[in-house]
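Every number here is computed from the coordinates shown, using simple stated rules; none is lab data. Predicted, not measured: the structure shown is a model, and the values here were computed from it.
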């Protein structure tokens, strides 16, 4: 069967656990990236809305 991991095999796996300071620094970076991505997504939506408005005005001959 695929996908089954026994306790014995799991015990053979080595895990590296970073220091708390490094974990906190990584979490801060992730949060900053998510904040930036959110800002970019809002900008993309605003740009799409403006383009749609401009396109509608152009088709109506208002430009």
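In table form, for the structure just shown:
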{"read-out": "C-alpha long axis of helix 20-59 to longest principal axis of the chain, angle in °", "value": "20 degrees"}
{"read-out": "Dmax and Rg, reported as Rg then Dmax, of the chain (C-alpha, Å)", "value": "24.8, 73"}
